[in-house]
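Presented below is the structure to which this report refers.
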Amino acid sequence: MADTATASDARPPKSVVYCGVCSLPPEYCEFGGTTKKCAEWLEKAHPALYTALYSSEALSQNLSSLSVDAQKRAEKDAQKKAAKAEAAEARESEKRATSKVIIKRVERNKRKHITEISGLEHFNVDLKKAAKEFGKKFATGSSVTKTASGGEEITVQGDVSDEVLDWVVEKYNVPEDNVEQIEDKKKEKKAAPPMVAPQPT
Amino acid sequence: MFKKEFTAGQKSKVKSSAQRAVRAKVIETYPGLEPYIDDVLPKKEQLDLVKVPDRVSLYCNGSTPLFWQHMDDAIIPHLTVVHKYPWAFKRIRIDRGAIRFVMSGATLMVPGLTSPGGRLPGDEDAGVYDNGGQDIDAGEVVVVEAEGKEHACLIGVLKMGTKEMKEKKKGVGIENGHYVGDGLWKLDLS
Ligand SMILES: [Zn+2]
């Protein structure tokens, strides 16, 4: 008997709900800065759990075990965090509204193009991951490259600017109005400014 | 340990011999996990090793983080593993007031454990935190749950044994642990 006991006696693992907004177990949402949003999410996604956590009895019970002083501090903390989160959100949406993603078709030589995508970082896109995705999606070379101004952009081999536009709008939720497609034709040689070597003094 | 957010470094496959060693180490450190070891660390699945800052190795299965280890210190489960099998670990409890400190990355101080809302092995009303009445020594890994909460909020190495805590009622309990909402928790492995 004893040798068969362990496996069947094992308790099944607990299944745990994690908050769809802040990723914590919902009982800890109150310590994040997005409590209001978390509560809204929970009410929709897990109504029973919502009632258990946010009913007025549950809330007062939670607080009663704190001293009055600690309650005040906790309230102040929560307010501060909420204000911070709100400000961050406002900044974020401002940034989204005013930033642009630029998709540039660059001619390397006759019939060979590369596509440079800049500005995705303003839309919370991880450039490295995005570059990988572009490479996979368009079956081509794709990498993060440094720009002359010190920033980073994604360079994709081939002319995929239309496809990139669709993908950026669909996958990264960048509003179409915030994406600009431009073309960079290879300049004629004579257009290049003359290089002047520094003169020895 | 993971107060700051970070991104994952290089990912590499763990060789099957090393994978066996990890498994053995986990069972040795957490005997309570043994009945579940095939679910936690499936034999047939590839274990990956991800380098994260401050010389921490993170073992994961695909995009699921499982265990982490700072240099050659104890191997410690990710809190999502703890949440599934809380009874498999040595547990203590902090009072409600200490939660916000833990979740802001502060060192866990002993008064959060010895106050009326806290629980340590041997306490009169220790319940699931009794550990069979056995005190837990400094250097052991403990899971920290919280008053009024169902799930653990912190896991880390005890700086002070629980016996000493009950005597002194002050000092550092745990520092450099892993808590819900920290950089490791938020790490995106996808
Ligand atoms: Zn939440």
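Could you pull out the residue among B:Leu158, B:Leu189 that is out of contact with any helix residue (DSSP H, G or I) (no Cβ under 6 Å at 6 or more places or on another chain) and not assigned by TED's automatic domain parsing to the domain that holds B:Asp130?
Answer to the check: B:Leu189.
Can you pull out the residues in segment B:87-101 that are more than 7 Å from chain A (Cβ to nearest Cβ) and within 15 Å of A:Pro25 (Cα to Cα)?
Those that are more than 7 Å from chain A (Cβ to nearest Cβ) and within 15 Å of A:Pro25 (Cα to Cα): none in segment B:87-101.
Inside segment A:23-57, can you point out the residues that are in a loop (DSSP other than H, G, I, E, B) and either modelled with pLDDT of 90 or more or not assigned by TED's automatic domain parsing to the domain that holds A:Lys81 (or both)?
The answer is A:Ser23, A:Leu24, A:Pro25, A:His46.
Starting from segment A:19-43, take each residue that is within 10 Å of chain B (Cβ to nearest Cβ) and list its partners that are acidic (Asp, Glu) and more than 8 Å from the ligand (Cβ to nearest atom), counting only C-beta distances under 7 angstrom and pairs at least six apart or across chains.
Hits for this filter: A:Glu27/B:Glu150.
Only residues that are within 13 Å of the ligand (Cβ to nearest atom), among the hydroxyl-bearing types (Ser, Thr, Tyr) and out of contact with any Asp or Glu (no Cβ under 6 Å at 6 or more places or on another chain): list them for segment A:6-61, please.
Result: A:Tyr18, A:Ser23, A:Tyr28, A:Thr34, A:Thr35, A:Tyr54.
From B:Gly118, B:Gly122, grab the single residue that is more than 10 Å from chain A (Cβ to nearest Cβ) and on the phi > 0 side of the Ramachandran plot.
Sole residue among the options that is more than 10 Å from chain A (Cβ to nearest Cβ) and on the phi > 0 side of the Ramachandran plot: B:Gly122.
From the list B:Ala18, B:Ala24, B:Ala74, pick out the single residue that is more than 18 Å from the chain's Cα centre (by Cα) and either farther than 26 Å from B:Glu147 by Cα or surrounded by fewer than 20 Cβ atoms within 10 Å (Cβ to Cβ) (or both).
Every option except B:Ala18 fails the conditions.
Determine whether B:Glu5 is exposed (fewer than 13 other Cβ atoms within 10 Å of the Cβ) and within 13 Å of chain A (Cβ to nearest Cβ).
Against the criterion (exposed (fewer than 13 other Cβ atoms within 10 Å of the Cβ) and within 13 Å of chain A (Cβ to nearest Cβ)), B:Glu5 qualifies.
How many residues are part of a loop (DSSP other than H, G, I, E, B), within 17 Å of the chain's Cα centre (by Cα) and surrounded by fewer than 16 Cβ atoms within 10 Å (Cβ to Cβ) if we restrict to segment A:100-137?
So the count comes out to 3.
Can you tell me which residue among B:Asp38, B:Asp72 is in a loop (DSSP other than H, G, I, E, B), outside the structural domain of B:Lys159 (by TED's automatic domain parsing) and either of a type outside the set (Ser, Thr, Tyr) or touching a residue at least 60 places away in the same chain (Cβ under 8 Å) (or both)?
B:Asp72
The values are calculated or read from the model by the stated rules, or taken from the named source; none is laboratory data. Keep in mind it's a predicted model, so treat the numbers as computed, not measured. Cβ coordinates were reconstructed from backbone atoms using ideal geometry, including for glycine residues, and neighbour counts include every protein chain displayed.
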